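Participant: Sending over a structure as structure tokens; questions will come in a sec.
The values are calculated or read from the model by the stated rules, or taken from the named source; none is laboratory data. What you see is a predicted model; the values in this text were computed from it and never measured. Reconstructed Cβ throughout: ideal geometry from the backbone, glycine too, with neighbour counts over all protein chains shown. With ligands, DNA and RNA removed, areas are computed over all heavy atoms of the protein, side chains included. Shrake-Rupley method; radii C 1.70, N 1.55, O 1.52, S 1.80 Å.
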Amino acid sequence: MNCLFPVPQPCLAHLKQAGETGVGYQIVSVELKDGKCFDQVVVSEGCIIEVRGYDEIPFGADDVMSVCVNHKRWNFRDDSDSRRKARAACA
């Protein structure tokens with residue numbers, strides 16, 4: 001599993017044309033070649049940086065078939081699932 005990787009080149013044109021979800025980032029859905037789909041994935045500056053519900057990105061760049069901006073918001077900066085789990089483990 002990865003912590004961060006670039007969005008595949010063929011998908012970048014769509015991201016450049018779509019608006020931002022928030023300042024400096026987009027929330028996208030990612031469809032993998034095996035049919036799996038992740039609906040809340042954060043992309044910033046052409047890189048996938050976080051997937052909701054996962055501590056690490058659960059797929060590789062070569063697994064991605066398509067990326068589509070959907071703006072399904074979640075406050076990943078302040079209360080991401082991984083940060084919530086880390087706080088709970090320390091409590």
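Participant: What's the number of the only condition in (1) assigned to a loop (DSSP other than H, G, I, E, B); (2) at pLDDT below 90 that residue 87 fails to meet?
Facilitator: It fails just one condition, (1).
Participant: Being in contact (Cβ under 8 Å) with a residue 24 or more places away in the chain and in a strand (DSSP E or B) is the filter here, so list the residues in the range 26-40 that pass it.
Facilitator: Hits for the range 26-40 are 26, 27, 28, 29, 30, 31, 32, 39, 40.
Participant: Among the candidates 62, 81, 39, which residue alone is among the acidic types (Asp, Glu), more than 10 Å from the chain's Cα centre (by Cα) and modelled with pLDDT of 85 or more?
Facilitator: Working: 81 fails: modelled with pLDDT of 85 or more; 39 fails: more than 10 Å from the chain's Cα centre (by Cα).
Answer to the check: 62.
Participant: Identify all residues within the range 62-82 that are out of contact with any Lys or Arg (no Cβ under 8 Å at 6 or more places or on another chain), more than 18 Å from residue 16 (Cα to Cα) and either open to solvent by less than 70 Å² (accessible area, probe 1.4 Å) or assigned to a loop (DSSP other than H, G, I, E, B) (or both); write none if there are none.
Facilitator: If the condition is that a residue be out of contact with any Lys or Arg (no Cβ under 8 Å at 6 or more places or on another chain), more than 18 Å from residue 16 (Cα to Cα) and either open to solvent by less than 70 Å² (accessible area, probe 1.4 Å) or assigned to a loop (DSSP other than H, G, I, E, B) (or both), then 73, 75, 79, 82 are the ones that fit.
Okay, residues lined up against (1) open to solvent by less than 30 Å² (accessible area, probe 1.4 Å); (2) farther than 16 Å from residue 75 by Cβ; (3) out of contact with any Phe, Trp or Tyr (no Cβ under 7 Å at 6 or more places or on another chain):
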residue: 9; (1), (2), (3): no, yes, yes
residue: 13; (1), (2), (3): no, yes, yes
residue: 22; (1), (2), (3): yes, no, yes
residue: 27; (1), (2), (3): yes, no, yes
residue: 31; (1), (2), (3): no, yes, yes
residue: 36; (1), (2), (3): no, yes, yes
residue: 40; (1), (2), (3): no, no, no
residue: 47; (1), (2), (3): no, yes, no
residue: 52; (1), (2), (3): no, no, no
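Participant: Moving on. Output the qualifying pairs, or none if there are none: Cβ atoms under 7 angstrom, residues six or more apart or on different chains, first residue in the range 4-20 and farther than 10 Å from residue 67 by Cβ, second residue open to solvent by less than 100 Å² (accessible area, probe 1.4 Å) and assigned to a helix (DSSP H, G or I).
Facilitator: 5/61; 6/61
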